[in-house]
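*Asks:* Before we start, here is the structure in question, set down as C-alpha cells.
Just so you know, all these numbers are worked out from the coordinates, no wet-lab data involved. Computed from a predicted structure; not experimentally measured. Cβ placement follows ideal geometry from the backbone for every residue including glycine, while neighbour counts extend to all protein chains displayed.
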C-alpha cells in the first residue's frame, strides 16, 4: 500500500511536532515539512509554490500564531492578521492543488465568554467572545468556516478539531507570551532556583481551565483525519462540522498552580494579583462527539505536568528556546 504524502504545517511547533510523532508511530514517513524561515505561510505565492512543488495528499494545518492572555492583549493585530492569512493561504492552496483531505486545528476560545458549561459545538456564534483573545478567536472561527465553505462548494473533505488548552513537550516558555502551564513551570522553576519566598500569579485564581496533554491531542487529530466520511458526518453537520477535543474535567488556576509547584518542587507561597485579568470564568469543552467517534485521552494531568517539566528541564532552559 502506498502511504500518502502528508504536509504538516507547523511541524516545529508543539502540536505539529506531536502530530508528526504520532504519524511516525503508525508507519508514516512521507512528510512534507517547511520551517517558517523556509516558507512564510502568510505569503500566498510562497504557499502556492510549495503545494505546486510537493503535491501533498493530506494536510494537517497546525501552524498558528499563539500565546497567552498577555500576548493576545499586546498583539491583537498580529494575531488576527497572521492567523487569517495562514489559514486562507493553506486551505485555498490545498483546494487549488487537489488536496482532498485536510484537518484544521482551532481553539476552544471560539466559544462565547459566557457559554453554557460544558461548551458543546452548537455554542459557536451564540454570544460575545472573551475580549482579551477576540481577534485570535475570530480568526479561528474563520478557519472553521473556510473548511465548511470549501466542502460545500467544492466537495472537499476538510475537517476541524477544537482542542482545549494544550501543554507538553515543545511548548513555548517565553516569559511574557507563553500559555499558562509553561508560564507557571518557568516561574516556579526560577523561584525554586532563587529560593524566592513567594510567586505571584495573574488573576484571582478562581478561573477554571481544562488541560490536555499534546500527544493526546495529536492522537485525536490523526483519529479524526482517518475517520470514514460517513462516521465523521454522523456526528457533524455541513455548517457545524467542528469537533471538540477536551480532557473531560477542569481545575481552577489556583489548583493548577499548586500542582505545578509540587511537580517543580517549589515550596514557597503562591499569591494572586486580582488586578490582572482572569479571562473567561470557565472553558470546559463538551467532548461527547469525539467520544462517540472512539477517542479518549490517555494522559492524566499529573503525569502530563511531570512530562512537561522534564521537557522544560532538559531542553527549554536553553536561552534560544525561551526568547
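*Asks:* The conditions are (1) more than 16 Å from residue 288 (Cα to Cα); (2) surrounded by fewer than 22 Cβ atoms within 10 Å (Cβ to Cβ); (3) in contact with a strand residue (DSSP E or B) (Cβ under 7 Å, 6 or more places away or on another chain), and residue 232 fails exactly one of them. Which is it?
*Replies:* Among (1) more than 16 Å from residue 288 (Cα to Cα); (2) surrounded by fewer than 22 Cβ atoms within 10 Å (Cβ to Cβ); (3) in contact with a strand residue (DSSP E or B) (Cβ under 7 Å, 6 or more places away or on another chain), residue 232 violates only (1).
*Asks:* Moving on. Residue 102 is checked against (1) on the phi > 0 side of the Ramachandran plot; (2) in contact with a helix residue (DSSP H, G or I) (Cβ under 7 Å, 6 or more places away or on another chain) and fails just one. What number does that condition carry?
*Replies:* Failed condition: (1).
*Asks:* Could you tell me whether residue 127 is under 30 Å from residue 50 (Cα atoms), out of contact with any strand residue (DSSP E or B) (no Cβ under 9 Å at 6 or more places or on another chain) and not in a helix (DSSP H, G or I)? Walk me through how you get there before you give the answer.
*Replies:* Values: under 30 Å from residue 50 (Cα atoms): no; out of contact with any strand residue (DSSP E or B) (no Cβ under 9 Å at 6 or more places or on another chain): yes; not in a helix (DSSP H, G or I): yes.
No.
*Asks:* What residue, of 256, 285, is touching a residue at least 40 places away in the same chain (Cβ under 8 Å), buried (at least 16 other Cβ atoms within 10 Å of the Cβ), touching a helix residue (DSSP H, G or I) at 6+ places or on another chain (Cβ under 6 Å) and closer than 23 Å to residue 133 by Cβ? Please lay out each step first, then the result.
*Replies:* Details: 256 fails: touching a helix residue (DSSP H, G or I) at 6+ places or on another chain (Cβ under 6 Å).
Exactly one of 256, 285 is touching a residue at least 40 places away in the same chain (Cβ under 8 Å), buried (at least 16 other Cβ atoms within 10 Å of the Cβ), touching a helix residue (DSSP H, G or I) at 6+ places or on another chain (Cβ under 6 Å) and closer than 23 Å to residue 133 by Cβ, namely 285.
*Asks:* Let me spell it out: the conditions are (1) part of a helix (DSSP H, G or I); (2) more than 25 Å from residue 298 (Cβ to Cβ); (3) touching a helix residue (DSSP H, G or I) at 6+ places or on another chain (Cβ under 8 Å), and residue 218 meets all of them except one. Which number is the exception?
*Replies:* Failed condition: (2).
*Asks:* Now, a different point. Among 20, 8, 15, 59, which is within 30 Å of residue 134 (Cα to Cα) and without any contact (Cβ under 8 Å) to a residue 24 or more places away in the chain? Steps first, answer last, please.
*Replies:* On the way: 8 fails: without any contact (Cβ under 8 Å) to a residue 24 or more places away in the chain; 15 fails: without any contact (Cβ under 8 Å) to a residue 24 or more places away in the chain; 59 fails: without any contact (Cβ under 8 Å) to a residue 24 or more places away in the chain.
Testing whether each residue is within 30 Å of residue 134 (Cα to Cα) and without any contact (Cβ under 8 Å) to a residue 24 or more places away in the chain leaves just 20.
*Asks:* Taking region 260-278 on its own, how many of its residues are farther than 21 Å from residue 176 by Cα and under 22 Å from the mean Cα position of the chain (by Cα)?
*Replies:* First, the residues of region 260-278 that are farther than 21 Å from residue 176 by Cα: 262-263, 265, 267-269.
Narrowing the set further to residues that are under 22 Å from the mean Cα position of the chain (by Cα) leaves none.
Here the count works out to 0.
*Asks:* Quick check on my filter: what residues within region 290-301 are over 18 Å from the mean Cα position of the chain (by Cα) and in contact (Cβ under 8 Å) with a residue 12 or more places away in the chain?
*Replies:* 292, 293, 294
*Asks:* So, one more: Got a sec? Which strands (runs of 3 or more DSSP E) wholly within region 140-214 have at least 1 residues that are in contact with a helix residue (DSSP H, G or I) (Cβ under 9 Å, 6 or more places away or on another chain), touching a residue at least 40 places away in the same chain (Cβ under 8 Å) and surrounded by fewer than 19 Cβ atoms within 10 Å (Cβ to Cβ)? Outline the logic, then answer.
*Replies:* Working: elements: 157-163, 165-167, 198-202, 211-213.
Strands (runs of 3 or more DSSP E) meeting the threshold: 157-163, 198-202.
*Asks:* Quickly run through region 160-180 and pick out the residues that are more than 15 Å from residue 219 (Cβ to Cβ) and more than 11 Å from the chain's Cα centre (by Cα).
*Replies:* Listed by number, the residues that qualify are 160, 170, 172, 173, 174, 175, 176, 177, 178, 180.
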